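One structure is given below, encoded as structure tokens.
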Amino acid sequence: MLTYIVDIFREVRDVLVAAEVAVIIVSAVLGAIAMFFLMSYVFRTVAYWCLFKKAGQSGWKSIVPIYSSYIRYKITWRPMWFWVSGLLMVLGPVLKNYLGQYLVVDALAVVITVAGWIIYAMSMYKLSRSFGHGVPYALGLIFLQPLFTMILGFGESKWQGGASE
């Protein structure tokens, strides 16, 4: 009987050790992912700081997440498109999640979301043009924004004025 109880404790110990190892591995992976996104945000913020300084804006505006996007629209396009894009990006998922039981509303939600992404892509193109680059650079800003923003902010590119000027 005593050996049976000792065997049960050994099995429980083995399971707990395996669970502890799994928790350590998952924590390390999640920590690495969190550090990647944190460093990406920091580098993007510093790059936007330099980019805003080149465009004649205060650098501190890059620190506030939504406000920095507003300033990006302001220096490259028109601030009105920031509000339109934001509204579309929020309205599409809201329609899909709360009124999406109807096919027409579902399709409308997809169209609205795609329209929001198109406006975002156009803003990246305008940012690219504002610094003297073209469509390939705009594609880089769309798909690899932190990297291409750092190249704009730290590189030789000069601000040539926004589309609204």
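The values are calculated or read from the model by the stated rules, or taken from the named source; none is laboratory data. Given the structure is predicted, the values throughout are model-derived calculations rather than measurements. Glycine also receives a Cβ, built like all others from the backbone with ideal geometry; neighbour counts cover every protein chain displayed.
A compact table of results
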item	result
Sole residue being more than 29 Å from Leu38 (Cβ to Cβ), small (Gly, Ala, Ser), modelled with pLDDT of 90 or more and assigned to a helix (DSSP H, G or I), chosen from Ala121, Ala115, Ala138	Ala115
Those residues of region 36-57 which are of a type outside the set (Phe, Trp, Tyr), at pLDDT 90 or above, over 20 Å from Lys126 (Cα atoms) and surrounded by fewer than 17 Cβ atoms within 10 Å (Cβ to Cβ), in sequence order	Leu38, Met39, Val42
Given (1) surrounded by 15 or more Cβ atoms within 10 Å (Cβ to Cβ); (2) farther than 19 Å from Val46 by Cα, number of the condition Gly134 does not satisfy	(1)
Tally, over region 134-146, of residues that are out of contact with any Ser or Thr (no Cβ under 7 Å at 6 or more places or on another chain) and either aromatic (Phe, Trp, Tyr) or touching a residue at least 24 places away in the same chain (Cβ under 8 Å) (or both)	2
Candidates Phe43, Phe9, Phe37, Phe52 - the one that is in contact (Cβ under 8 Å) with a residue 24 or more places away in the chain and in a helix (DSSP H, G or I)	Phe43
Any pair with Cβ under 6 angstrom, 6 or more apart, that starts in region 107-125 at a residue that is under 24 Å from Trp159 (Cβ atoms) and ends at one that is of a type outside the set (Ser, Thr, Tyr)	Ile119/Trp81; Ala121/Ile142; Ser123/Trp77; Met124/Ala138; Met124/Leu141; Met124/Ile142; Tyr125/Ala138
Among the candidates Ile25, Ile33, Ile5, residue that is under 19 Å from the mean Cα position of the chain (by Cα) and over 30 Å from Lys126 (Cα atoms)	Ile33
Checking Pro79 against (1) without any contact (Cβ under 8 Å) to a residue 40 or more places away in the chain; (2) surrounded by 15 or more Cβ atoms within 10 Å (Cβ to Cβ); (3) within 29 Å of Leu38 (Cβ to Cβ), the condition it does not meet	(2)
Residue that is closer than 21 Å to Phe37 by Cα and of a type in the set (Gly, Ala, Ser), where the choices are Ser62, Ser85	Ser62
Subset of region 39-70 [of a type in the set (D, E, K, R) and more than 14 Å from the chain's Cα centre (by Cα)]	Lys53, Lys54, Lys61
Evaluation of Lys96 against (1) part of a helix (DSSP H, G or I); (2) touching a residue at least 40 places away in the same chain (Cβ under 8 Å) (one fails), failing number	(2)
Ile71 vs. criteria at pLDDT 90 or above and either closer than 22 Å to Phe154 by Cα or in contact with a helix residue (DSSP H, G or I) (Cβ under 6 Å, 6 or more places away or on another chain) (or both)	yes
